[in-house]
1. Suppose we filter region 16-41 for residues that are among the charged types (D, E, K, R) and closer than 21 Å to E4 by Cβ; how many remain?
2. For S44, only one of the following conditions fails: (1) farther than 22 Å from V74 by Cβ; (2) surrounded by fewer than 10 Cβ atoms within 10 Å (Cβ to Cβ); (3) modelled with pLDDT of 85 or more. What is its number?
3. How many residues are of a type in the set (A, V, I, L, M, F, W, C) and modelled with pLDDT of 90 or more if we restrict to region 64-88?
4. Mind checking which pairs have a first residue in region 22-40 that is within 18 Å of Q54 (Cβ to Cβ) and a second that is hydroxyl-bearing (S, T, Y) and exposed (fewer than 15 other Cβ atoms within 10 Å of the Cβ), Cβ under 7 Å, 6 or more apart or different chains?
5. For region 89-124, how many residues meet the condition of being modelled with pLDDT under 70, open to solvent by less than 100 Å² (accessible area, probe 1.4 Å) and of a type outside the set (A, V, I, L, M)?
6. Given the structure, is L58 touching a residue at least 12 places away in the same chain (Cβ under 8 Å) and either surrounded by 10 or more Cβ atoms within 10 Å (Cβ to Cβ) or in contact with a strand residue (DSSP E or B) (Cβ under 9 Å, 6 or more places away or on another chain) (or both)?
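The values are calculated or read from the model by the stated rules, or taken from the named source; none is laboratory data. Note that the structure is a prediction, hence the values are computed from the model and not measured. FYI the Cβ positions are ideal-geometry reconstructions off the backbone, even for glycines, and counts take in every protein chain you see. These accessible areas exclude ligands, DNA and RNA; they are computed on the full protein's heavy atoms, side chains included. Shrake-Rupley method; radii C 1.70, N 1.55, O 1.52, S 1.80 Å.
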Amino acid sequence: MLIEYRNRIAPKIIGHRPDRLFVNADGTPKKQATVASIITNFLSKRGIACTCHQFRHLSAKVMLDAEPGSFEIVRQLLGHRSLTTTIGAYAGIDSRRAARHHQRLVEKALGAKAPAHRPNKPVS
C-alpha cells in the first residue's frame, strides 16, 4: 500500500513521484515530529497508546513474525547502519518465533492441524 501511495497517489497530488514517503502537498518532506504526531494520533483515535519508538518495534516484530530470521530486511526498514544493532535488539525473542514457524512448516508438510494443547497430567 505504501508503494502504491508513493508511485500512484502522491504524484497526482504533488505532480511527481516523491523521494520520501511522508511529504507535504508541496513535495517537501514532513518533519520527523509531524510524522510522529500523525502516527500517535492515528493510533490514539483507535484506542491504542503507542509511541513512535514502540511503533518501530511493532513493525520489526510483525516482519520477523512473518519471516523469522529476516534481520537484514528489518535493518533496512529501521535504518540501522549495522546488522549487529538489529540482531542485538530482536534476536532474543527469535528462538520462540523460529520454533513457532518451524511448527507451522511441519504441520503444513504433514497436512495436519495443530493438536489441541493438553496440560501435563501427573503420571500415577
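1. The total comes to 4.
2. With (1) farther than 22 Å from V74 by Cβ; (2) surrounded by fewer than 10 Cβ atoms within 10 Å (Cβ to Cβ); (3) modelled with pLDDT of 85 or more applied to S44, the lone miss is (2).
3. Filtering region 64-88 down to residues of a type in the set (A, V, I, L, M, F, W, C) leaves 64, 66, 71, 73-74, 77-78, 83, 87.
Then drop every residue that is not modelled with pLDDT of 90 or more, which leaves 71, 73-74, 83, 87.
So the answer is 5.
4. T40/T51
5. 2
6. Details: touching a residue at least 12 places away in the same chain (Cβ under 8 Å): no; either surrounded by 10 or more Cβ atoms within 10 Å (Cβ to Cβ) or in contact with a strand residue (DSSP E or B) (Cβ under 9 Å, 6 or more places away or on another chain) (or both): yes.
Judged against the criteria, L58 is not a match.
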